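One structure is given here, and the rest of the page talks about it.
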Amino acid sequence: MDLPGLTQLLRDALPLMLKGAAWTLLLAVASVFFGAIVGTVVALIRLAKLPVLSQLATLYVSCMRGTPLLVQLFVIYFGLPSIGLQFDPISAGILGLSLNVGAYLSETLRGAINGVEHGQWNAARSLGLTQTQTLRYVVGPQALRLAVPSLSNSLISLIKDTSLVSVIAVGELMLATKEVIATTFQPFPLYLAAAGIYWAMSASFETLQKRFELRLNRSYLR
């Protein structure tokens, strides 16, 4: 394909691909939000070593980390309707991504909290703080600073993992690209364009991560 033809192809395909990219961002942000809630709850349950709940949380983390995300999406979208639980594609995609990333985030948060010196807990207790207050005001902020790089990496990975929800008919970037290819029969330039969009989104979040990390470090050093 000559350069003018390639330019026209990308110009025609770009609106649909950018619409798909917007869905990709929506899926990633929503999933990391709900995943962070799930991960925080699971991490706290495991740290507190609550009977039964701790074992269930450990089993959840093991299952989510030990099975492919694609299989998890299939189970949620195609499997759960057989027992009366049915989700539309968007809800199924967000649920699958949230549960998956929540397992990884729980390990990140648990490791970050354990990474704070145990003496911080003892010092806070000596000042009369409860365990909840210690976690919120003393240990939590320090753990967050340690966890930011891993949390940001999980978000960047999640942006790329959203391509898997195209298999359950969610109109994100990869499905939009496939639809354009089906009408133009030009897979090579369009897949390269999709890769460029994924890279641009990941690079943007990486830049935000570095700024946020630098800001946290400055606040910590003051």
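The values are calculated or read from the model by the stated rules, or taken from the named source; none is laboratory data. Everything quoted here is computed from the prediction, not taken from an experiment. Cβ atoms come from the backbone with ideal geometry, glycine included; neighbour counts cover every protein chain shown.
Values for this structure:
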| read-out | value |
| --- | --- |
| Tally, over the range 158-196, of residues that are outside any helix (DSSP H, G or I) and of a type in the set (Asp, Glu) | 1 |
| Verdict on Ser31 being surrounded by 16 or more Cβ atoms within 10 Å (Cβ to Cβ) and in a helix (DSSP H, G or I) | yes |
| The lone exception for Ile37 - which of (1) within 12 Å of the chain's Cα centre (by Cα); (2) crowded, with 16+ Cβ neighbours inside 10 Å it fails | (2) |
| Sole exception among (1) under 30 Å from Val116 (Cα atoms); (2) modelled with pLDDT of 95 or more; (3) among the β-branched types (Val, Ile, Thr) for Val32, by number | (2) |
| Long-range neighbours under 8 Å by Cβ, at least six apart or interchain, first residue at negative phi and touching a residue at least 12 places away in the same chain (Cβ under 8 Å) within the range 187-200, second surrounded by 11 or more Cβ atoms within 10 Å (Cβ to Cβ) and small (Gly, Ala, Ser) | Leu190/Ala13; Ala193/Ala13; Ile197/Ala21; Tyr198/Ser163 |
| Cross-chain or 6+ apart pairs with Cβ under 7 Å, the range 76-99 first and on the phi > 0 side of the Ramachandran plot, then charged (D, E, K, R) and buried (at least 16 other Cβ atoms within 10 Å of the Cβ) | none |
| Test: residue in the range 147-154 that is closer than 30 Å to Ala48 by Cα, at pLDDT 90 or above, assigned to a helix (DSSP H, G or I) and under 22 Å from the mean Cα position of the chain (by Cα) | no |
| Residue within the range 172-180 that is hydroxyl-bearing (Ser, Thr, Tyr) and closer than 20 Å to Ser98 by Cα present | no |
